[in-house]
Amino acid sequence: MAAEAARPRIYVRVPLDRLGAVIGKRGEVKLKIMERLGVRLTIDSENSLVIVEAESPSVPPVNVMKASEIIKAIAYGFPPEKAMRLLEEDQILVIVDLKQIVGDAPNHLKRIRGRIIGEAGRARKTIEEMTGTDIHVGEYIVAIIGDYERAMAAKKAVEMLAEGRMHSTVYRYLERVLREIKRREALRLWAKDEFQSGY
């Protein structure tokens, strides 16, 4: 009984209209998360919650965290197949709360959303392609999935657009940051190769 009590448990609030996406057709999304991460998912539709627990004491707590992040991503509006990207070890979910940047006036939020999405979705797509991330723009939340450095670069780009910076300024910022990220990655690979060839 003590082992049962010691298991980590996370409660994730999911809008009622997104609970179906968490479950998936014939329960396949829920099942995939449970099987891949060794967790138990309990859907509490009355309180619009998903309860995430380790299936057994041997399941690492990080798996419970991963499962809750996937569910959060689906709750924020990502299709399950994009949220599943979080199963990869180096992928994270980053959230930008637009209300914290521009306040909660609906007309402000609508204008900012339009700037982030861009005409025919071009701005969002450009940021996604430049950073290799997936971005979902909700009513007042922008959710980003990617590796840490690229997701943080995309987050900064979204914040810059929300603050009123020009799209061209934002793209120039991304080009500069991504050059630096690629340079660091190349150095890490080179150092790793040097280390391995030394043996």
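Brief remarks on what is shown
- Packing, taken as the mean count of other beta carbons within 10 Å per residue, orders the peptides 13-25, 145-157 from highest to lowest as 145-157, 13-25.
- Anisotropy class of region 133-192 from Cα gyration tensor, a/c 1.5 cut: oblate
- Prolate/oblate/rounded label for region 84-147 (Cα gyration tensor, a/c 1.5): oblate
- Positive minus negative residues near ILE112 (Lys, Arg vs Asp, Glu; Cβ under 14 Å): +2
- Classified by the C-alpha gyration tensor, region 2-86 has a prolate form. Its axis ratio a/c, with a ≥ b ≥ c, is 1.5 or above, and a/b is larger than b/c.
- For the chain, with +1 on Lys and Arg beta carbons and -1 on Asp and Glu, the positive-most of SER48, LEU93, MET130 along the dipole: MET130
- Each listed q (0.09, 0.11, 0.18 Å⁻¹) maps to a log10 I(q)/I(0) for region 48-199, found by the Debye formula over equal Cα scatterers with no solvent: -0.36, -0.52, -1.07.
- By the helix-only formula, in which each DSSP H run with n ≥ 4 contributes -39500 (n - 2.57) and the sum is divided by residues, the chain has a 222 nm mean residue ellipticity of -18000 deg cm²/dmol.
- Positive-end residue of ALA73, LEU109, LEU187, charge dipole of the chain with Cβ unit charges: LEU109
- Charge dipole of the chain (Cα centre as origin; +1 on each Lys and Arg Cβ, -1 on each Asp and Glu Cβ, all else neutral): 560 debye, rounded to the nearest 20.
- Between region 161-193 and region 70-84, the alpha-carbon center distance in angstrom: 26
Read the figures in this text as sums done on the coordinates, not as results from a lab. This one's a predicted model, so the numbers in the text were calculated from it and none came from an experiment. Glycine gets a Cβ as well: all are built from the backbone with ideal geometry, and neighbour counts include every protein chain shown.
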